[in-house]
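A short write-up of the structure that comes next.
What follows is calculated from the coordinates using simple rules that are stated; it is not laboratory data. As the structure is a prediction and not an experimental result, all values here were calculated from the model. Here the Cβ positions follow ideal geometry from the backbone for every residue, glycine too, while neighbour counts run over all protein chains shown.
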Amino acid sequence: MENIERLIINRDTCVGCSLCVNDCPSKALRMTDDGLEYIGRCLECGHCVAVCPTNSITMPVLDMDGVVEYNPATFDLKPEALLNTMKFRRSIRFFSNVEIPEPVLMQMLEAGRHAPTASNTQKSRFIVLQKDLPRFKELFWEGLPATIEKMKAEGSPALAAFERFLHNYNTKNFDNFFFNAPAMFLIVTDNLWDAGLASANIELMGHALKIGSLHNGFLKRAIPANPKLMEFLGLGENETISVVMLAGRSGVTYSRTAPRKPAKFEIR
């Protein structure tokens, strides 16, 4: 075995096929007369680990325990089934307040963690509130009047909606922010692309696990405006919440997919 900075290359099993060299996006590997060599600039994408036919490369700086051998029976999806799954997904606003088992939450988080990120930085931070969500809600509603005053001073276009939601909560006990959801996912990153891709993965995995979700832009706007909420989440003032997503089992059952506006496709 030879420890070469970020990579461990087993030259006893390496067959010199150069697949890793050809597939490396940052050209951090080369094949020499002495065998495979690491020359730096590693992007930590793990392609070399994934493509090697003899499993001769490991990366100690990454989570090797999560690497899974390809198996068509458990990896391949039927395209029609995948498309129908995407069509059948709904934004839930009527949740059944039943706790989500922790293994299910972990599967959803794993899905988010394996989404692509810009330059493979993998900087997104994931926070899930479930047992702490009731206390978070208390702090949210306590601080909402002050948040609304801030929005008035800023001339926020969302002010009318926030005032209406607070009125509904005080007079009708109807919660337009949390919709009885038992859990809330937050993705902390300043890269909206990273957050969007990760949240799509989380949402689809949740759907496969019978967990519905709702992207909530109102909460995304309100949480950073309340320092007590940011402190409760353990977030600094320079950290950015890019996605807030409610999650839980749907309180209704859908019998079919919903219609969409006519497609606007161009294939050129």
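Taking label points 7 Å from Cα along the Cα-to-Cβ direction, VAL98 and ILE8 give a separation of 4.4 nm.
Charged side chains reduced to their Cβ positions (Lys and Arg at +1, Asp and Glu at -1) give the chain a dipole of some 1620 debye around its Cα centre. Rounded to the nearest 500, the 222 nm mean residue ellipticity of the chain from helices alone is -11000 deg cm²/dmol, with -39,500 (n - 2.57) taken per DSSP H run of at least 4 residues.
Look at the dipole of the chain built from charges on Cβ: of SER26, ASN170, VAL61, the Cα furthest out on the positive end belongs to ASN170.
Placing +1 on the Cβ of each Lys and Arg and -1 on the Cβ of each Asp and Glu in the chain, which of GLY251, LEU7, LEU139 has its Cα farthest towards the positive end of the resulting dipole? Going by the charge dipole, the pick is GLY251. Relative to the current alpha-carbon distance between TYR70 and THR253, full extension at 0.36 nm per residue lengthens the span by 62.4 nm.
When the P(r) is computed for the stretch 2-66, the part past 20 Å accounts for 13% of the Cα-Cα pairs.
Using Cβ point charges alone (K and R +1, D and E -1), the dipole size of the stretch 2-66 about the Cα centre works out to roughly 220 debye. Over 25 Å apart at the Cα level, from the set LYS131/LYS152; LYS131/LYS220; LYS152/LYS220; LYS78/LYS123; LYS131/LYS210; LYS123/LYS152, are LYS131/LYS152; LYS78/LYS123; LYS123/LYS152. Counted by Cβ distance under 12 Å from ILE92, the other residues give a net charge of +4, where Lys and Arg count +1 and Asp and Glu count -1. Taking R0 as 45 Å, what FRET efficiency do you get between VAL61 and LYS172 from their Cβ-Cβ distance, rounded to the nearest 0.05? With R0 = 45 Å, the Cβ-Cβ based efficiency is 0.25.
For the stretch 165-219, the normalised intensity computed at q = 0.18, 0.20, 0.30 Å⁻¹ comes to -0.72, -0.82, -1.22 (log10 of I(q)/I(0), Debye sum over alpha carbons, equal scatterers, no solvent). Of ALA28, ALA183, ALA247, the residue with the greatest mean-square motion in the GNM of the chain, using alpha carbon springs below 10 Å, is ALA28.
Would you work out the relative contact order for the stretch 2-66, in percent, from Cα pairs under 8 angstrom that are 6 or more residues apart?
Here the relative contact order equals 37 percent.
Restricting the calculation to alpha carbons of the stretch 79-209 gives Rg and Dmax of 17.2, 50 angstrom. With the simple model of a label 7 Å out from the Cα in the direction of the Cβ, GLU142 to THR121 spans 3.5 nm.
Mind jotting down the distance between the C-alpha centroids of the stretch 187-211 and the stretch 129-173, whole Å? Between the Cα centres of the stretch 129-173 and the stretch 187-211 lies a distance of 25 Å. Ordering MET205, PHE185, SER119 by Cα displacement along the dipole of the stretch 79-250 toward the positive end leaves MET205 in first place; charges were set at the Cβ atoms of Lys, Arg (+1) and Asp, Glu (-1). Per the Debye calculation on the chain with a single equal scatterer at every Cα and no solvent contribution, log₁₀ I(q)/I(0) for q = 0.07, 0.14, 0.16, 0.17 Å⁻¹ amounts to -0.36, -1.07, -1.24, -1.32. When peptides 158-164, 75-81 are sorted by average Cβ neighbour count within 10 Å, with the highest value leading, the order is 158-164, 75-81.
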